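**Q** Sharing a structure below in structure tokens format, with a few things to ask.
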Amino acid sequence: MTPTRDEIFELYALPDRSTRRVRMNFIESADGAVTLDGSSGALGGDTDRAVMSVLRTMADVVMVGAGTVRAEGYGGVRMAGPDAAWRRERGLSEHPPLALVSHRLDIEPEHPFFAKAVVRPFVVTHEGVPERRRRALDEVADVLVHGAERVDLALTLAALATRGMTQVLCEGGPHLFGSLLEVGLVDELCVTIAPRIVGGDAGRIDQGAPEADRRLRLASSFVDDEGYVFLRYAVT
Ligand SMILES: NC(=O)c1ccc[n+]([C@@H]2O[C@H](COP(=O)([O-])OP(=O)(O)OC[C@H]3O[C@@H](n4cnc5c(N)ncnc54)[C@H](OP(=O)(O)O)[C@@H]3O)[C@@H](O)[C@H]2O)c1
């Protein structure tokens, strides 16, 4: 049965806000496709959007890879009134900032990611990126430079925690998930199974991580009235 907003908050409640946590959120079809028509939106439904809002409401920061920003057109995260109020009551900013992770940093300051940002975002990159490209984004974002030749995501999470941002919601995409998995930085996987078979050549929710038997513990599950299955796993 489709849960109410309050029930969704309970299903995804955080045990505390002091333990550092990376929570992934994805949707996939029953045959494992991460996109339909090139984006995840076409797979979603009302409950999935409600869960996404709740997860964003609980987050200190929403992390996303540059490929997802290019494909899904992220232009800022604005929480609706009750969600903003939930955050305010807990001493959080009304809207969580976004953090974009990019290796190449081939993004202009005019991009909607910056132009439509609700709060000043973070950009995460590494020292190998030409300084002029990093400088070009100084006006529109806090640029975090972590790692010599590639982004050191452990440093990024530590730096965010130093700023009081311990609860990281990562909305993908698959390559960023793969990178986080590879270095053992994922604590939780929230995945929605859409009642669709997509076929085609859409990828999986994780890309690039070496094969391993990574065990999960099911923390909660429910099915909504449209047949979407919502799974919350802890990485053990
Ligand atoms: N179903 C879902 O829930 C869902 C969620 C998210 C995305 N998607 C879909 O997934 C597709 C995009 O997949 P993707 O794997 O390309 O997404 P992605 O992981 O967001 O993007 C890959 C790009 O992000 C940057 N990046 C990722 N990990 C990095 C790391 N460890 N260090 C530095 N940069 C890193 C790089 O950007 P640069 O190229 O700028 O260096 C890389 O080329 C889209 O079609 C999107 O719609 C689906």
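The values are calculated or read from the model by the stated rules, or taken from the named source; none is laboratory data. As the structure is a prediction and not an experimental result, all values here were calculated from the model. Every residue, glycine as well, gets a Cβ built from its backbone with ideal geometry; the counts of neighbours run over all protein chains shown.
To keep it simple, each residue is scored yes or no on (1) more than 15 Å from the ligand (Cβ to nearest atom); (2) surrounded by fewer than 14 Cβ atoms within 10 Å (Cβ to Cβ); (3) under 28 Å from Gly38 (Cα atoms); (4) free of Cβ contacts under 8 Å to residues at least 40 places away in the same chain.
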| residue | (1), (2), (3), (4) |
| --- | --- |
| Ala148 | no, yes, no, yes |
| Gly164 | yes, yes, no, no |
| Gly172 | no, no, yes, no |
| Thr192 | no, no, yes, no |
| Pro195 | no, no, yes, no |
| Glu211 | yes, yes, yes, yes |
| Val229 | no, no, yes, yes |
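**Q** Looking at (1) surrounded by 14 or more Cβ atoms within 10 Å (Cβ to Cβ); (2) within 15 Å of the ligand (Cβ to nearest atom), find the lone condition where Gly200 falls short.
**A** All conditions are met except number (1).
**Q** So for the stretch 23-42 (the condition being closer than 21 Å to Ala161 by Cα and of a type outside the set (A, V, I, L, M)), does at least one residue qualify? Give the steps one after another, and end with the answer.
**A** Here is the first cut: in the stretch 23-42, the residues closer than 21 Å to Ala161 by Cα are 23-25.
Checking which are of a type outside the set (A, V, I, L, M) leaves us with 23, 25.
Yes, the stretch 23-42 has at least one match.
**Q** Among the candidates Val62, Val69, Val77, Val22, which residue alone is among the hydrophobic types (A, V, I, L, M, F, W, C), in contact with a Leu (Cβ under 8 Å, 6 or more places away or on another chain) and modelled with pLDDT under 95?
**A** Val77 is the lone residue from the list that is among the hydrophobic types (A, V, I, L, M, F, W, C), in contact with a Leu (Cβ under 8 Å, 6 or more places away or on another chain) and modelled with pLDDT under 95.
**Q** What number of residues in the stretch 116-137 are in contact with a Gly (Cβ under 9 Å, 6 or more places away or on another chain) and either farther than 27 Å from Gly184 by Cα or assigned to a loop (DSSP other than H, G, I, E, B) (or both)?
**A** Total satisfying the criteria: 8.
**Q** For the stretch 197-236, enumerate the residues that are of a type in the set (Phe, Trp, Tyr) and either closer than 20 Å to Leu181 by Cα or touching a Phe, Trp or Tyr at 6+ places or on another chain (Cβ under 6 Å) (or both). Reasoning before the result, please.
**A** Of the residues in the stretch 197-236, the ones of a type in the set (Phe, Trp, Tyr) are 222, 228, 230, 233.
Scanning the stretch 197-236 gives Phe222, Phe230, Tyr233.
**Q** Have a look at Val64, Val77 and point out the one that is touching a Cys at 6+ places or on another chain (Cβ under 9 Å) and farther than 23 Å from Phe222 by Cα.
**A** Exactly one residue qualifies, and that residue is Val64.
**Q** Next question. Being touching a helix residue (DSSP H, G or I) at 6+ places or on another chain (Cβ under 8 Å) and more than 14 Å from the ligand (Cβ to nearest atom) is the filter here; which residues of the stretch 118-140 pass it?
**A** Pro121, Val140
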